[in-house]
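> Please see the structure below; I have some questions.
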Amino acid sequence: QVHLVESGGDLVHPGGSLRLSCAASGDTICISNMGWYSQAPGKEREVVALVNNAGGTYYADTAEGRFIASRDDAKDEVYLQMNSLKPEDTAVYYCYADFNEECTVQHGWLKNEYWGQGTQVTVSS
């Protein structure tokens with residue numbers, strides 16, 4: 001089990017930047033992937049960026065070239081540097097982590113995906 005806490009969301013103007021942070025605590029050695037999802041009102045939650053435990057990254061098409069996800073395993077933190085922000089980026093951003101299956105099975109846990117509480121990003125002029 002892990003707890004995820006995000007911070008860094010704010011109101012910014014179009015073209016501005018934000019840096020989101022997420023701190024994990026608990027059984028962090030079980031974490032495989034970490035990353036970020038976004039959800040706007042009335043819309044489905046969708047992936048923004050993921051970082052695996054080797055540092056490899058995946059980006060949604062809407063994030064590619066503008067956002068950078070990174071991970072500091074020593075601090076059990078993941079970050080999202082958001083540049084060239086657009087109004088359509090406005091959403092609640094959720095930190096995400098999943099466990100390797102070995103940890104899940106050995107501990108008898110019923111889930112292997114974890115979410116933070118979300119942090120609001122608003123891009124408006």
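> Could you tell me which numbered condition Thr62 fails, if it satisfies all but one of (1) in contact with a helix residue (DSSP H, G or I) (Cβ under 8 Å, 6 or more places away or on another chain); (2) part of a strand (DSSP E or B)?
Tallying (1) in contact with a helix residue (DSSP H, G or I) (Cβ under 8 Å, 6 or more places away or on another chain); (2) part of a strand (DSSP E or B), Thr62 fails exactly one: (2).
> Does Cys30 satisfy being in contact with a helix residue (DSSP H, G or I) (Cβ under 6 Å, 6 or more places away or on another chain), in contact (Cβ under 8 Å) with a residue 40 or more places away in the chain and not charged (D, E, K, R)? Spell out how you get there, then give the answer.
Numbers: in contact with a helix residue (DSSP H, G or I) (Cβ under 6 Å, 6 or more places away or on another chain): yes; in contact (Cβ under 8 Å) with a residue 40 or more places away in the chain: yes; not charged (D, E, K, R): yes.
Yes, satisfied.
> Here's another thing I want to ask about it. For Gly9, are the conditions met, namely being surrounded by 13 or more Cβ atoms within 10 Å (Cβ to Cβ), under 29 Å from Ser125 (Cα atoms) and more than 15 Å from the chain's Cα centre (by Cα)? Step through it out loud before you land on a result.
On the way: surrounded by 13 or more Cβ atoms within 10 Å (Cβ to Cβ): yes; under 29 Å from Ser125 (Cα atoms): yes; more than 15 Å from the chain's Cα centre (by Cα): no.
So Gly9 fails the test.
> Just checking, how many residues over region 1-27 are at pLDDT 95 or above and either outside any strand (DSSP E or B) or farther than 18 Å from Ala74 by Cα (or both)?
13
> Are any of the residues in region 65-76 part of a loop (DSSP other than H, G, I, E, B) and open to solvent by less than 60 Å² (accessible area, probe 1.4 Å)?
The first filter runs over region 65-76 and keeps only residues part of a loop (DSSP other than H, G, I, E, B), leaving 65-66, 73-76.
Narrowing the set further to residues that are open to solvent by less than 60 Å² (accessible area, probe 1.4 Å) leaves 66, 76.
Checked against the condition, which is being part of a loop (DSSP other than H, G, I, E, B) and open to solvent by less than 60 Å² (accessible area, probe 1.4 Å), region 65-76 yields at least one hit.
> Considering only region 100-125, state which residues are touching a helix residue (DSSP H, G or I) at 6+ places or on another chain (Cβ under 7 Å) and of a type outside the set (Val, Ile, Thr).
Once the filter is applied, which keeps residues that are touching a helix residue (DSSP H, G or I) at 6+ places or on another chain (Cβ under 7 Å) and of a type outside the set (Val, Ile, Thr), region 100-125 yields Asn100, Cys103, Asn112, Ser124.
> May I ask you to list the residues in region 86-125 that are of a type in the set (Val, Ile, Thr) and part of a helix (DSSP H, G or I)? Lay out the reasoning, then the answer.
Keep residues of region 86-125 that are of a type in the set (Val, Ile, Thr), which gives 90, 92, 104-105, 119, 121-123.
Thr104, Val105, listed by residue number.
The values are calculated or read from the model by the stated rules, or taken from the named source; none is laboratory data. It should be emphasised that the depicted structure is a prediction, and the values quoted were computed from it without experimental measurement. No Cβ is skipped: glycine too gets one built from the backbone with ideal geometry, and neighbour counts run over all protein chains shown. SASA here: full protein model, heavy atoms, side chains in, ligands and nucleic acids out. Shrake-Rupley method; radii C 1.70, N 1.55, O 1.52, S 1.80 Å.
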